Amino acid sequence: MESDSDPPEQRTGFSVELFVRSLAPNGAHERQQAIVDRLEQLEEDNRIDEVRSTVWGDRICPETATRLQDGRSLLQDIARLQTWAQAHDASLEPFFKERTVQSPCEDPYTVIVPPVLCLAVSRDDELWGVFPCTKEGDTLSAMDGLDAILTSTPPNPIADRPFAQP
């Protein structure tokens with residue numbers, strides 16, 4: 001039972017959004033499982049405050065997505081991640097790919113092929129890092145993003161890492 005003299009619960013300020021193509025992707029099961037295991041451990045160790053997840057499928061057709069509430073939400077998430085990358089001189093290429101789909105029965109249309117998994121790490125409700133990304137020729141993986149949480153000491157962001165806020 002909590003009393004008035006007990007210290008308030010320590011919050012890290014970190015939250016993580018996990019975006020996955022599928023919960024059973026071909027060839028990526030072990031990598032996906034390792035990320036989920038690590039997220040659970042970080043949450044259990046009180047290194048992150050919250051984990052949310054979204055399944056976004058293997059392709060997103062923006063033309064169709066804009067007509068559906070869940071689709072608009074996915075496009076907003078992708079735009080938010082891309083805005084972070086631009087603001088931090090990073091790139092989400094080649095992890096998010098735009099492709100034109102052509103078939104004999106339909107007119108060509110564009111789809112976005114998202115990465116198998118992606119982490120959006122927020123700190124104090126501001127997007128702090130997107131993984132995977134590339135910065136100055138270095139690829140930063142989802143595991144790199146989780147490692148960055150461990151090396152960050154609140155309240156100061158990591159100033160010398162490429163994914164830290166300016």
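The values are calculated or read from the model by the stated rules, or taken from the named source; none is laboratory data. None of these values were measured; they are calculated from a predicted model. Neighbour counts run over all protein chains shown; Cβ positions are idealised from the backbone, glycine included.
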| message | Looking at (1) touching a helix residue (DSSP H, G or I) at 6+ places or on another chain (Cβ under 7 Å); (2) of a type outside the set (Gly, Ala, Ser); (3) within 21 Å of Ala28 (Cα to Cα), which one does Val113 not meet, given that it meets all the others? | response | (1)
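Is region 136-144 home to any residue that is closer than 21 Å to His29 by Cα, at pLDDT 90 or above, part of a strand (DSSP E or B) and out of contact with any His (no Cβ under 6 Å at 6 or more places or on another chain)? Break it down into steps so the answer makes sense when it comes.
Filtering region 136-144 for residues closer than 21 Å to His29 by Cα gives 139-144.
Keeping just the survivors that are at pLDDT 90 or above gives 139-144.
Still in the running and part of a strand (DSSP E or B): 139-140.
Keeping just the survivors that are out of contact with any His (no Cβ under 6 Å at 6 or more places or on another chain) gives 139-140.
Yes - at least one qualifying residue is present in region 136-144.
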| message | Can you find a residue that is under 22 Å from Ser141 (Cα atoms), surrounded by 15 or more Cβ atoms within 10 Å (Cβ to Cβ) and either touching a Pro at 6+ places or on another chain (Cβ under 9 Å) or hydroxyl-bearing (Ser, Thr, Tyr) (or both) anywhere in region 78-87? | response | yes
| message | Looking at Ala148, Ala120, Ala79, can you tell me which residue is without any contact (Cβ under 8 Å) to a residue 60 or more places away in the chain, under 26 Å from Glu44 (Cα atoms) and of a type in the set (A, V, I, L, M)? | response | Ala148
| query | Hey, Thr12 hits all of (1) closer than 17 Å to Pro114 by Cα; (2) among the polar types (S, T, N, Q); (3) surrounded by 17 or more Cβ atoms within 10 Å (Cβ to Cβ) but one; which does it fall short on? | reply | (1)
| said: Show me the helices (runs of 4 or more DSSP H) found entirely inside region 1-110 where at least 3 residues are more than 18 Å from Asp144 (Cβ to Cβ) and not charged (D, E, K, R). | reply: 62-65, 69-87
| field | Matching entry among Thr110, Thr54, Thr12 (being touching an Asp or Glu at 6+ places or on another chain (Cβ under 8 Å) and at pLDDT below 90) | value | Thr12
| task | Could you look through region 112-139, keep only residues that are of a type in the set (Gly, Ala, Ser) and surrounded by 15 or more Cβ atoms within 10 Å (Cβ to Cβ), and pick out the one that is nearest to Ile60 (Cα to Cα)? | result | Ala120
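Would you confirm whether or not region 92-107 contains a residue that is in contact with an Asp or Glu (Cβ under 7 Å, 6 or more places away or on another chain), surrounded by fewer than 15 Cβ atoms within 10 Å (Cβ to Cβ) and either more than 23 Å from Leu140 (Cα to Cα) or of a type outside the set (A, V, I, L, M) (or both)? Full working, then the answer.
Kept after step one, since they are in contact with an Asp or Glu (Cβ under 7 Å, 6 or more places away or on another chain), are these residues of region 92-107: none.
Checking region 92-107: not a single residue is in contact with an Asp or Glu (Cβ under 7 Å, 6 or more places away or on another chain), surrounded by fewer than 15 Cβ atoms within 10 Å (Cβ to Cβ) and either more than 23 Å from Leu140 (Cα to Cα) or of a type outside the set (A, V, I, L, M) (or both).
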